[in-house]
1. Can you say what percent of the DSSP beta bridges in the chain, counting only those with both residues inside, are antiparallel? Round to 5.
2. Compute the distance in nm between two label points, each set 7 Å from the Cα along the Cα-to-Cβ direction, one at ASN454 and one at SER357.
3. How many nm separate the modelled label positions at LYS524 and GLN284, each set 7 Å beyond the Cα in the direction of the Cβ?
4. Can you sort VAL426, VAL528, VAL195, VAL255 from fewest to most other Cβ atoms within 10 Å of each residue's own Cβ?
5. Select from the range 447-538 those trypsin sites (Lys or Arg not before Pro) which occupy a DSSP coil region and have at most 16 other Cβ atoms within 10 Å, ordered by residue number.
6. Taking H as built 1.01 Å from N, whose amide H comes closer than 5 Å to the amide H of ASN470, not counting residues under 5 places away?
7. List, in order, the whole-Hz ³J(HN,Hα) value for each residue of the range 390-396 obtained from phi through the Karplus relation with A = 6.51, B = -1.76, C = 1.60 and θ = phi - 60°; use x for Gly and Pro.
8. Label points 7 Å out from Cα along the Cβ direction at GLN516 and GLU251: separation in nm?
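Any read-out appearing in this document is the output of simple, stated calculations on the displayed coordinates, not a laboratory observation. Nothing here was measured: the structure is a model prediction, and the numbers come from that model. Because the Cβ atoms are built from the backbone with ideal geometry, glycine has one as well, and the counts that use them run over all protein chains shown.
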Amino acid sequence: MNKHTPIKISKRHSTNWAIWILMPLMLILFLSGKKKTIEAVAQKPNIIFIMADDMGYSDIGCYGSEIQTPNLDLLAANGVKLRSFYNNARCCPTRASLLTGQYPHTVGMGNMVTMPKAPIQKGSYQGFLNDQFPTIAETLKDAGYNTYMTGKWHVGERQEHWPLKRGFEHYFGLISGANSFYEIIPQELGKRHVVEDNQDYPIPSNGFYMTDAFTDHAIQYLNQQQQTKANNPFFLYLAYTAPHFPLHALEEDIVKYEKLYEQGWDITRKNRYQKMAKLGVIDQRYQLTQRPADIPAWENAKDKKTWVRKMAVYAAMVDRMDQNIGKLIQTLKKNGQYNNTMIVFLSDNGGCAENVSGRNFNDSTKKIGEKGSYVTYDYPWANVSNTPFKKYKRYMHEGGMITPFIIQWPNGIKPNKTYSNQIGHVIDLLPTALELAGVSTKNLPGQSLSYLWNSKSVAPRTYCWEHEGNQAIRQGDWKLVKDQEDPSWELYNLKLDPTETKDLAKKEPERLKAMQMAYETWSKKVGVKPFISNGKSE
């Protein structure tokens, strides 16, 4: 065969040659497409919800407090912060709404959790999450997110209702309500569990502090995420028990505040109010509500040293929580995850005015704040926490259910120096997360908060609440509210009177009646039941 003789290639060989020629091109296209798929997944923002426990509206620096919270203050400065964001006035109902995007009664948490051995009575007060409604973790997991939780669960005591059964891949925390920050102590309502995934976690006898442990495990999960599944977005729910009673804090944090609180609750509350006005959290419409009659003037208070110590320990608990949030942020930055992570911070209810001396858990030989002590900061300091509002946790006046609210996402939200007048509710958090994850948000009572940074106008919202017979409805600027022990409704124009000082019920009978009817329609829809005197719903 000379060099000019054409080479004859069979059809079979022709196909093989075509494959060999096209294979590199096909491989390039495949890898290119795969890379784009990976990039698309990675571009979905990570989402972190951080919830404080029993923390009042003015308890962090950027909302008026003297407590040192530089990390939360920086989040607020670099994100969006709301004047009026609502929880459900109590731990279990708020957590149910955060996890499901539904009103608490709809998902079985109209009141508190039921104990594991209690008979199951399904319905709006069953005391655990209704499995017919997916949690945010279940939905985001289906959307390609890794899902983690640390902290207080408190929406299902039986193991079949624990976090790993509701969409979380890893969990470390306290299944039940708050307990000691150093150990697990007996409770009259049943056993408390600190668990890692589904196993009881043996708490070390020394060197353990609950707030630190929640953060350490959250950081562990994020580091594992970075090492093994770096291309997947993640969802983290970090539910602190701080600063819920018992008042437990490390002495190195307490000493920062003891001298400060010798000024007492009257001056502290006045100073907070003035700082809030200076920061722009409030304006001239926000009147400082009067000190309730059951709280003495500081000058007449007995045992001032004990009262000072209580508030110093409470402040130290908030301070330590902020330090831990700082550690979490540094981890995100180190892992290159910070800019594409949306961080939300809120509290589950207002400041708590409970006194738990009847539980007989306190060892009076121990200093307040130490292991073995078990006390609360009570009405006087709770009134400070909720500055400038009235009432406390459980109640539907603003002091019971309004929370500081911060949302930051460097890649998606431009910082807003002012405090937004937009209204939000904990039921809005799930649709917000789902929108960012590219998941449909149909048939939810809330709506995405993306309008806060997309400059979209929103129609006036309607929200409703009920807990232990305390009831409220907010329609636009108007709020109707009633305490369980008081049969009369109160009506307020929150645009003009955001601290509820001028009851307009007698002046606006038509509006009052219309809002009552709207509330009754909602209460029937979600399954609200009459509250009876034994402290339970029927």
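1. On the way: 29 of 58 bridges.
Restricted to the chain, the bridges split so that about 50 percent are antiparallel.
2. 5.4 nm
3. Between LYS524 and GLN284, the simple spin-label model gives 4.5 nm.
4. VAL255, VAL195, VAL528, VAL426
5. For trypsin sites (Lys or Arg not before Pro) across the range 447-538 that sit outside H, G, I, E and B with at most 16 neighbouring Cβ atoms in 10 Å, the list reads LYS456, ARG461, LYS495, LYS502, LYS506, LYS507, LYS536.
6. Sorted by chain and number, the residues that satisfy this are GLN484.
7. Calculated HN-Hα couplings, in order: 10, 6, 9, 2, 5, 8, 9 Hz.
8. Label-label distance for GLN516 and GLU251, simple model: 5.9 nm.
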